[in-house]
Amino acid sequence: MTTYDLLIKNGTIVTADTTVQGDIAVKDGKIVEVSTGKSLEGTANREINAEGLHIFPGMIDSHVHFNEPGRTEWEGLETGSRSLAAGGATSFFDMPLNSTPPTINKENLELKRSLAAEKSIVNPYFWGGLVPENIADLKDLHENGVIGFKAFMSPSGIADFNNVDDETIYKGMKEIASLGSILAVHAESTVMCDQLAKEKIEAGKVTARDYVESRPIISEIEAVRRIISYAELTGCKLHIVHASSRKVVEVIKAAQQRGVDVTVETCPHYLSLTVKDIEEQGVIAKCAPPLRDEDEVEDLWRAVAEGEITTIGSDHSPAPASMKVIKDNIFDGWAVYQEHSPA
Ligand SMILES: [Zn+2]
């Protein structure tokens, strides 16, 4: 009789397109047998009765910020990867900021990778950064295994990770296309967000609602349209992160229909929280793009249901509680990705 390391019996196994009742056998860290219909024979060092439970494939979180090295006290690879494992994730894609140094060259990538090898309990993968200073490093990063590149069209809120100007977008996307890689983009209009924030602050309008109004959906749409035009021009594969509204998703869908290779992510907070939450919780619920009103959240769920969203990533971007205290002026409180944040 076969001896396995682990037998999971009588579970509901969830696959890409169906669910089936069955048993799973694991040996040497790998699934070696899946049985549906009849029970798996054999013994195991450990057996789990999964009756009434669902067994999912390991989740991949394609958007996290583990701030190690440099800001490990904000949350590093050890606690971050343990939280992921507890939630059923087996892999993560780590963003090139807010660690210091950021992942914008081979040396910094290697430093991060060696720390992850030591501390992460799930599989680590890394996005490289595209910033105005590192076009010459993109090839090196690609050849050393980054899964793609990430750029900000508006300020990142982090002093050592600059947002891209038009020249960097154009040259960077040409280079990334030639490498056959992909560019993930934080798409908000700098001009629009900066100007609206300035007007709000000058007028003494500094509530949660004012913050939300300073980063309207149209600012995402404008930036998404612009970056898509660069994708069409350069042939660079594009991934729009954290779309907050279905109106943004519609622009991406239209581009896909024209044949542009573009995908879109949204995040749990845009599907579960509304402007009311930032009004009640203050800086704790501050993010960029900001939370939207209830009708937008409902509409975003429809986009998920209709298969218009490619991925849902957590955008887990931790900061110390002291940076998330409720302030009189919400523009002063920390949220990653905005220029009023402490770096
Ligand atoms: Zn992020």
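Out of the residues in segment 122-177 that are among the β-branched types (Val, Ile, Thr) and farther than 30 Å from Pro57 by Cβ, state the one that is surrounded by the fewest Cβ atoms within 10 Å (Cβ to Cβ).
The qualifying residue surrounded by the fewest Cβ atoms within 10 Å (Cβ to Cβ) is Ile135.
Select from segment 204-260 the residues that are open to solvent by less than 30 Å² (accessible area, probe 1.4 Å) and acidic (Asp, Glu) and list them in ascending order.
The answer is Asp210, Glu220.
Looking at Ala50, Ala116, can you tell me which residue is in contact with a strand residue (DSSP E or B) (Cβ under 7 Å, 6 or more places away or on another chain), of a type in the set (A, V, I, L, M, F, W, C), open to solvent by less than 10 Å² (accessible area, probe 1.4 Å) and assigned by TED's automatic domain parsing to the domain that holds Glu188?
Details: Ala50 fails: assigned by TED's automatic domain parsing to the domain that holds Glu188.
Just a single option satisfies the conditions, and that option is Ala116.
Among the residues of segment 301-343, count how many are modelled with pLDDT under 85, among the basic types (Lys, Arg) and surrounded by fewer than 18 Cβ atoms within 10 Å (Cβ to Cβ).
1
Taking the stated definitions as given, is Glu296 modelled with pLDDT of 90 or more, away from the ligand (no atom under 14 Å from the Cβ) and touching a helix residue (DSSP H, G or I) at 6+ places or on another chain (Cβ under 8 Å)? Spell out how you get there, then give the answer.
On the way: modelled with pLDDT of 90 or more: yes; away from the ligand (no atom under 14 Å from the Cβ): yes; touching a helix residue (DSSP H, G or I) at 6+ places or on another chain (Cβ under 8 Å): yes.
It is true that Glu296 is modelled with pLDDT of 90 or more, away from the ligand (no atom under 14 Å from the Cβ) and touching a helix residue (DSSP H, G or I) at 6+ places or on another chain (Cβ under 8 Å).
Does Thr103 fit the bill of being open to solvent by 60 Å² or more (accessible area, probe 1.4 Å) and either under 29 Å from Gly128 (Cβ atoms) or in contact with a Pro (Cβ under 9 Å, 6 or more places away or on another chain) (or both)?
no
Cys287 passes all but one of (1) buried (at least 20 other Cβ atoms within 10 Å of the Cβ); (2) in contact (Cβ under 8 Å) with a residue 60 or more places away in the chain; which number fails?
The single condition Cys287 does not satisfy is (2).
Inspect all residues belonging to segment 223-237 and state whether any of them is aliphatic (A, V, I, L, M), within 25 Å of Ala305 (Cβ to Cβ), part of a helix (DSSP H, G or I) and touching a residue at least 24 places away in the same chain (Cβ under 8 Å).
Yes - at least one qualifying residue is present in segment 223-237.
How about segment 1-25: which of its residues are touching an Asp or Glu at 6+ places or on another chain (Cβ under 7 Å), surrounded by fewer than 18 Cβ atoms within 10 Å (Cβ to Cβ) and hydrophobic (A, V, I, L, M, F, W, C)?
Within segment 1-25, just Met1 meets the criteria.
One residue is enough: does segment 159-171 have a residue meeting the conditions within 16 Å of the ligand (Cβ to nearest atom), within 18 Å of His316 (Cβ to Cβ) and either out of contact with any helix residue (DSSP H, G or I) (no Cβ under 6 Å at 6 or more places or on another chain) or not in a strand (DSSP E or B) (or both)?
Yes, there is a match, as at least one residue in segment 159-171 is within 16 Å of the ligand (Cβ to nearest atom), within 18 Å of His316 (Cβ to Cβ) and either out of contact with any helix residue (DSSP H, G or I) (no Cβ under 6 Å at 6 or more places or on another chain) or not in a strand (DSSP E or B) (or both).
Could you identify the single residue in Glu265, Glu199, Glu279 that is assigned by TED's automatic domain parsing to the domain that holds Glu143 and open to solvent by less than 10 Å² (accessible area, probe 1.4 Å)?
Glu265 is the lone residue from the list that is assigned by TED's automatic domain parsing to the domain that holds Glu143 and open to solvent by less than 10 Å² (accessible area, probe 1.4 Å).
The values are calculated or read from the model by the stated rules, or taken from the named source; none is laboratory data. Predicted model, so just to flag it, every value in this text is computed and none were measured. Cβ: placed from backbone, ideal geometry, glycine included. Neighbour counts: every protein chain shown. Ligands, DNA and RNA are stripped out before the accessible areas are found, and what is left, the full protein with its side chains, is counted by its heavy atoms. Shrake-Rupley method; radii C 1.70, N 1.55, O 1.52, S 1.80 Å.
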